[in-house]
Structures are given as C-alpha cells and as structure tokens.
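Report on the structure given below.
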Amino acid sequence: MSKQRTQYLKRVKALVKQVTEWAESHEWITKPYPKKMRDVDQQIFEIPALFLQKGPTRVLLDPVAYDVPGSEGVVDLYLMPTYDDMASLYFENGEWVIHYPLPPESVETQSMNGSDTLALSEQTINQVLDSIAQHATPSF
C-alpha cells in the first residue's frame, strides 16, 4: 500500500468517525459503509463512506481521491438520490476544510481561489448539513 493511500485512508476513517459523532448529536442518523476504490496502481482497496439522514433528507459523505492537485485528499458531500455535489471536504495544510458554495451566514468564511472555505468543526459540518437539508428539493 502506498504511503499516500495509507495516510488518506487513516484521515478518512478519522473524518467519518468525527462527522458521525458531530452529526448524531444534532439528530442526524448515520450509517457507515465500506466503499471500494481503485488506486493509481489499479489495486482495489476499501475506505469508509458515511450515509446521513435527517427526516427525508439523505446525504452521502463520499471519499473521492487522495491524489488531488493542491490537496492531500478530497471527500464530497452529495445530496441523495441525485448525487448533487453540495460541498467538498479537502485535507489542506494539515487539516480538513469544507468548500461550500452557499455558506451559512453565521459562519465566517475565508475566500480561497473564488470559493468559500470553512474550517471543519462540529458547528460548521452541522450548519452545512442543515443548510443542505433546508434547501433540498424533494425527489419524486
């Protein structure tokens, strides 16, 4: 296993655990599940993903890649069942940050290359999740 892939796997496991704790304390139901990914050497490996639900709103915290230019990994938040990419979490400068196009007004954002970046915390992940739920259009 490559060092980069091993580090990404460790970071995503810790992220899923932390988001689970933070979301559950805000009435989100969570369910982790293993996702299969293929690395640059065509080796298949498993990494945790996280399904979140609050009322009729379902969101997927989905690991995407560890070999992203300008970042040490990316995980997307998708609104389901449409898989609309609502936010992305990047591991940058030793920490997870959230890139979210419509940040909650109560959270200060730092403009970064034209997008808004939020430091990952219990408050920001739940504000982003609640904002996604508030603006979600029910599927038919």
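The values are calculated or read from the model by the stated rules, or taken from the named source; none is laboratory data. Since we're looking at a predicted model, the values are computed, not measured. Ideal geometry is used to build each Cβ from the backbone, glycine not excepted, and the neighbour counts take in all protein chains shown.
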Item to complete: Would you mind finding the one in Met80, Met86 that is free of Cβ contacts under 8 Å to residues at least 40 places away in the same chain and under 14 Å from the mean Cα position of the chain (by Cα)?
Response: Met80
Worksheet entry | Those residues of the stretch 1-10 which are of a type outside the set (A, V, I, L, M, F, W, C) and surrounded by 12 or more Cβ atoms within 10 Å (Cβ to Cβ), in sequence order | Ser2, Gln4, Arg5, Thr6, Gln7, Tyr8
Worksheet item: Would you pick out the residues in the stretch 10-46 that are basic (Lys, Arg), part of a helix (DSSP H, G or I) and touching a residue at least 24 places away in the same chain (Cβ under 8 Å)?
Response: Arg11, Lys13
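Which strands (runs of 3 or more DSSP E) does the stretch 60-128 wholly contain that include 3 or more residues that are closer than 23 Å to Pro34 by Cα and at pLDDT below 90?
84-92
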Discussion item. Quick test of your reading of the structure: Ala136 fulfils all but one of (1) modelled with pLDDT under 90; (2) surrounded by fewer than 17 Cβ atoms within 10 Å (Cβ to Cβ); (3) over 16 Å from the mean Cα position of the chain (by Cα). Name the failing condition by number.
Written reply: (2)
Item to complete: Examine the stretch 28-43 for a residue that is out of contact with any helix residue (DSSP H, G or I) (no Cβ under 7 Å at 6 or more places or on another chain) and of a type in the set (Phe, Trp, Tyr), and state whether such a residue exists.
Response: yes
Practice prompt. Scan the stretch 53-70 and give yes if some residue there is among the hydroxyl-bearing types (Ser, Thr, Tyr) and over 14 Å from the mean Cα position of the chain (by Cα), otherwise no.
Written response: yes
Worksheet item: Out of the residues in the stretch 45-73 that are surrounded by fewer than 18 Cβ atoms within 10 Å (Cβ to Cβ) and among the aromatic types (Phe, Trp, Tyr), which is farthest from Met86 (Cα to Cα)?
Response: Phe45
Practice prompt. Please determine, by comparing only the residues of the stretch 11-44 that are over 15 Å from the mean Cα position of the chain (by Cα) and surrounded by 14 or more Cβ atoms within 10 Å (Cβ to Cβ), which one is farthest from Gly94 (Cα to Cα).
Written response: His26
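Just a yes or no: is a residue in the stretch 33-43 within 20 Å of Ile98 (Cα to Cα) and either at pLDDT below 95 or hydrophobic (A, V, I, L, M, F, W, C) (or both)?
Looking through the stretch 33-43, none of the residues is within 20 Å of Ile98 (Cα to Cα) and either at pLDDT below 95 or hydrophobic (A, V, I, L, M, F, W, C) (or both).
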